[in-house]
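Remarks on the structure that follows.
Just so it is clear, none of the values below were taken in a lab; they were calculated from the coordinates. Because the structure is predicted, anything quoted here is derived from the model rather than measured. Glycine gets a Cβ as well: all are built from the backbone with ideal geometry, and neighbour counts include every protein chain shown.
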Amino acid sequence: MAGDNNLGIACREVPLPVRGPKKQGIFQGVINVKHVVLILALGIFCFLGSSPVKAASEPQITAPAAVLMEASTGQVLFERRAREERPPASTTKIMTAILALELGRLDTPIKVSENAATTPGASIYLQKGEVLTLGDLVKGALLESGNDATVAIAEGLAGSEAGFAFLMNRKAWLLGARMTHFNNPNGLPDPGHYTSAYDLALIARYALGNPVFRRLVATVEDQIPGPDGVRHLYNTNRLLESYPGADGVKTGTTAAAGQCLVASATREGRQLIAVVLGSADRYGDTRSLLDYGFKNFYCERVKAGETLGQVYIPNGEKTSIGVAPAMDAGFTAPLARSGQLEKRVLLPRAARAPVKKGQELGRVQILFDGQVVAAAPLVATEDVRAIPWWSRLIFPGNIFYTGRFSTLLERNK
C-alpha cells in the first residue's frame, strides 16, 4: 500500500516552470501529503458546468444559443443560453457515430432495409438490400450527413431506431448531458428530440477522445462503395477548409433548428470546441468564438505520463524514482490574468521501497488566484525493489546500491 511507504517525513514543494507569463507569489511552508485531500476538499471549485471565466471583450455572434469549451478540461469560456433545450438537427449524428464506434466493429456488414433507404432529408442514397460495412455507414453519416446511413446503423446495431435511441439517451445521461433527449439517430424534427449547446459540447468532447471519430470528422472528402462503383463523400463542415486548425465536428440544419454547427480547432496543442445553434451565420459565429478563445485565454496544464519530479528511495535498488500525473489536468484563465496561475508539485522527501509502478506518491496542483482549481495524483513511473538487508552489511557506506551492482546481482540469481 502507498501509505506503508511513507517515511513520515514532511512533503517538499518542487518548483515547476509556468509556461505563461511569470507567476506571482511563492508558496511558503511545509505540507504533509495526508493534508492534500483536506486542502482539495476545502479549496477546490469545480469549473465543469460553472459560469465561464470571462475575458475583457466577448465575441459578437448571431446565434441565440452558443458555448465555447476548452476540450482538455471541459471548462466553459463563453456561453449564451447554453443550457436551454433546442432542436439539434444533424449534430445528433455525433452521438450516433460514437455509439456505432463503441458498440460495433467497423468491418461488420449491415444490410440496408427499406425503412433506411427511404429516410427523408440528407442522404447518401442507400438502396434496399444493399450491404455496407458499419465503418462506411459511419463515414456516410459524419461526412455527407446521410440520414439513411444513421437509420441503417441504428437498425444494424439495435434492431430499430427506437432501440438505438434508448442507447443514445443512456449514453447522454452517463456523459452528464442532462438537457438531452433523442428520439431518432439523425436529428429529423421531433417534439421529443432536443438537446442544448452545452450538452452538445460535452458529447463532442467525449467523442473527440475516440481516434477513429477524431480522424473522420477532420476528413474533407472520402469514398465508400456504391451500386455503380463508389460513392464520393464530401464533408458538410466548410470550416475545415477555411479556418486554420479546424479539425471537426458536425453541421446540422432543419427549419426548426436553423443553422447549427459543432466545431473544433486545435492550435499549438490546445483544442477548443464551439457550438452555435439557430445561427444566422454559423461559420462566422464559430470563427468569432474560436478566435476569442485562442486570443484571450491561456491554459496551464499537466499531461498524464509527463515526468514532473523525483522521489528519493533510501532503501531501493535505485536511489530515486520519477513521478508523473496519473491523468490530465488543467485550467484556463484570461490571458491578462495568466500571471495568477501557478503549478505546484507536492512530494514526500523520501519513500520506502518496494514501490510499484502506478503507486501514488504525491500530487500536482494548479492554482488560480491562490485557489486550487485542478489537481492530479502523481504516481511512480516504474517499479523499485527494496535492497536486500544483507547488502547493507556488505556495503555499509553505500546505501544507494548502484545500478551496475544491481544488474550484476540480477544476472547471478
TODO: Tell me which residues, restricted to the stretch 123-148, are without any contact (Cβ under 8 Å) to a residue 60 or more places away in the chain and within 22 Å of Pro189 (Cβ to Cβ).
DONE: Ser123, Leu126, Ala141, Gly146, Asn147, Asp148
- [ ] Return the residue satisfying two criteria in turn: it lies in the stretch 90-110 and is among the hydroxyl-bearing types (Ser, Thr, Tyr) and assigned to a helix (DSSP H, G or I), and of such residues it is farthest from Leu188 (Cα to Cα).
- [x] Thr96
Task: Checking Asp199 against (1) assigned to a strand (DSSP E or B); (2) touching a Ser or Thr at 6+ places or on another chain (Cβ under 9 Å); (3) buried (at least 20 other Cβ atoms within 10 Å of the Cβ); (4) of a type outside the set (Val, Ile, Thr), the condition it does not meet - done: (1)
Open item on the list: Here is a list: Thr62, Thr73. Which entry is surrounded by fewer than 24 Cβ atoms within 10 Å (Cβ to Cβ) and in contact with a Gly (Cβ under 7 Å, 6 or more places away or on another chain)?
Closed with: Thr73
Open item on the list: Looking at Asn186, Asn147, can you tell me which residue is out of contact with any helix residue (DSSP H, G or I) (no Cβ under 6 Å at 6 or more places or on another chain) and crowded, with 24+ Cβ neighbours inside 10 Å?
Closed with: Asn147
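One line per residue, one yes/no per condition, for (1) among the aromatic types (Phe, Trp, Tyr); (2) under 23 Å from the mean Cα position of the chain (by Cα); (3) in a strand (DSSP E or B):
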residue	(1), (2), (3)
Pro191	no, no, no
Tyr206	yes, yes, no
Thr251	no, yes, yes
Gln259	no, no, yes
Ser264	no, yes, yes
Gln271	no, yes, yes
Val276	no, yes, yes
Open item on the list: Just the residues that are farther than 22 Å from Ser72 by Cβ and in contact with a Pro (Cβ under 9 Å, 6 or more places away or on another chain), please, taken from the stretch 326-350.
Closed with: Ala350
- [ ] Output the strands (runs of 3 or more DSSP E) that fall wholly within the stretch 299-351 and possess 3 or more residues being within 26 Å of Asp383 (Cα to Cα), or say none.
- [x] 309-312, 320-325, 341-348
- [ ] Sort through Arg214, Arg270 and tell me the only one that's surrounded by fewer than 23 Cβ atoms within 10 Å (Cβ to Cβ), in contact (Cβ under 8 Å) with a residue 40 or more places away in the chain and in contact with a strand residue (DSSP E or B) (Cβ under 8 Å, 6 or more places away or on another chain).
- [x] Arg270
TODO: Look at the stretch 355-382 and say how many of its residues are touching a residue at least 40 places away in the same chain (Cβ under 8 Å) and in a loop (DSSP other than H, G, I, E, B).
DONE: 4
Open item on the list: Restricting to the stretch 150-167, give me the number of residues that are surrounded by fewer than 24 Cβ atoms within 10 Å (Cβ to Cβ) and among the hydrophobic types (A, V, I, L, M, F, W, C).
Closed with: 6
Task: Cβ-Cβ under 8 Å pairs, at least 6 apart or on other chains, the stretch 186-208 side closer than 24 Å to Glu144 by Cβ, far side part of a helix (DSSP H, G or I) and aromatic (Phe, Trp, Tyr) - done: Ala207/Phe213
